[in-house]
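The values are calculated or read from the model by the stated rules, or taken from the named source; none is laboratory data. This is a predicted model, so every value here is computed, not measured. For neighbour counting, all protein chains shown are included, and Cβ atoms are generated from backbone atoms with ideal geometry for every residue, glycine included.
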Amino acid sequence: MASSRRYAELHLHLEGCIDEEILREIAPQLDSSLVASQMRFESFPGFLDSFKFAVMQFREPEHFRLLARRAFARAASQGVVYAEVIHSAGVCLKRGLDAKAIAEALIDEGRNAPLEIRWIFDAVRQFGEEHIYETARFAVGFQGTDVVGFGVGGDEASNPATALKRGFQLAKEQGLKLTPHAGETTNSQNVLEVLRLGADRIGHGIRSVDDPELVAELAQRQIPLEISLTSNVLTGAVKSYESHPVRVLHDAGVPIILNTDDPGFFDTTMDREFAHAQGLGFTAAELEQIRLNGFRFAFCPTPLA
């Protein structure tokens, strides 16, 4: 059933839209029982393993184009009218794929999508400083062609925030916005460090709650947190929806944006994320403000709200 709300989603991984159906369409030679077992996980490291297994099946620009087409159709049917989609450009570079052809195919597919699409190209933190810089350099080569941001995901604990500095500086100087993952599975210090490096939004950022001064700064500067409730529960970043700190962060004045993150792996939609937030006590007026935050804090101003 189509959603009655219109959403802007700002934290949506393209590769996180892979599900068993799409995976078998791309790689029909894979045994279905293998696919099912590899797509199951019970922790954040397990999720990263599942994510890696799925992404490794995608090799050609047309594979990525098909994924984008399927993902955009689903998002549009679920009420999403604007999305800033995170593409793992750094993984493509690391794998030696034709990253440029893949990016061009995705940009083209986005321009023909049934919703408005902008792109955030993403590096992988555990691959190190040089990889992050090279991915930033790759991303800025597409600045002005629907690529609006640069991000860094992966294992937060693998490298210090200083590994992000050169890549962030380059991206920022060339006009890209910065939206790193931080404070998802580590600590508030990680959020503080990327904030000092110039982050415009924070992917997840939930451990900010452990540092009242950081929370006050996020609120004062109106730095949004891209919150994904189902993701945080299923990866074990929090123990339950009830223990999620989103309510505390919101009440402290931190701008909250709700997102699905990796809907192919987490079997969620924007409607479901808002329903979970309602279950945490958010009022209809508060949920409407959170919905509007998706449009307010988009890197590309849009009148679609």
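Summary table below
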| item | result |
| --- | --- |
| Tabulated pairs, the range 165-192, first farther than 19 Å from GLY154 by Cβ, second at pLDDT below 95 and surrounded by fewer than 17 Cβ atoms within 10 Å (Cβ to Cβ), C-beta under 6 angstrom, 6+ apart or interchain | GLN174/GLN143; GLY175/GLN143 |
| Every residue from the range 282-305 that is more than 18 Å from the chain's Cα centre (by Cα), assigned to a helix (DSSP H, G or I) and polar (S, T, N, Q) | GLN289 |
| Residue list for the range 147-168, filter: of a type in the set (S, T, N, Q), closer than 20 Å to SER88 by Cβ and not in a loop (DSSP other than H, G, I, E, B) | SER158 |
| Any hit, the range 222-231, residues being within 25 Å of GLU156 (Cβ to Cβ), of a type outside the set (A, V, I, L, M), crowded, with 18+ Cβ neighbours inside 10 Å and out of contact with any helix residue (DSSP H, G or I) (no Cβ under 9 Å at 6 or more places or on another chain) | yes |
| Residue in the range 93-104 that is nearest to LYS177 (Cα to Cα), counting only those that are among the aliphatic types (A, V, I, L, M) and surrounded by 16 or more Cβ atoms within 10 Å (Cβ to Cβ) | ALA103 |
| Residue tally, condition within 20 Å of GLY96 (Cβ to Cβ) and under 17 Å from the mean Cα position of the chain (by Cα), over the range 42-57 | 4 |
| So GLU273, is it assigned to a loop (DSSP other than H, G, I, E, B) and within 24 Å of PHE41 (Cβ to Cβ) | no |
| Single residue of ASN259, ASN293 found to be more than 30 Å from GLU42 (Cα to Cα) and surrounded by 16 or more Cβ atoms within 10 Å (Cβ to Cβ) | ASN293 |
| Among (1) at pLDDT below 95; (2) of a type in the set (Gly, Ala, Ser); (3) on the phi < 0 side of the Ramachandran plot, the one test that GLY236 misses | (3) |
| Inter-residue pairs, beta-carbon under 7 Å, first over 19 Å from LEU287 (Cα atoms) and in the range 231-247, second in a loop (DSSP other than H, G, I, E, B) and among the polar types (S, T, N, Q), 6+ apart | VAL233/SER240; THR235/SER43; GLY236/SER43; ALA237/THR185 |
| Unique match (being among the hydrophobic types (A, V, I, L, M, F, W, C) and within 14 Å of TRP119 (Cα to Cα)) among ILE18, ILE26, ILE102, ILE22 | ILE102 |
| Set ASP146, ASP122: member being surrounded by fewer than 23 Cβ atoms within 10 Å (Cβ to Cβ), touching a residue at least 12 places away in the same chain (Cβ under 8 Å) and within 17 Å of the chain's Cα centre (by Cα) | ASP146 |
| Residue within the range 8-27 that is surrounded by fewer than 18 Cβ atoms within 10 Å (Cβ to Cβ), among the aliphatic types (A, V, I, L, M) and modelled with pLDDT of 90 or more present | yes |
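Here's the yes/no breakdown for (1) touching a residue at least 24 places away in the same chain (Cβ under 8 Å); (2) more than 25 Å from ARG6 (Cβ to Cβ); (3) surrounded by fewer than 22 Cβ atoms within 10 Å (Cβ to Cβ):
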| position | (1), (2), (3) |
| --- | --- |
| PHE53 | no, yes, yes |
| PHE58 | yes, yes, no |
| HIS63 | yes, yes, yes |
| ARG70 | yes, no, yes |
| TYR82 | yes, no, no |
| HIS87 | yes, no, no |
| VAL91 | yes, yes, no |
| LEU106 | yes, no, no |
| ASN112 | no, no, yes |
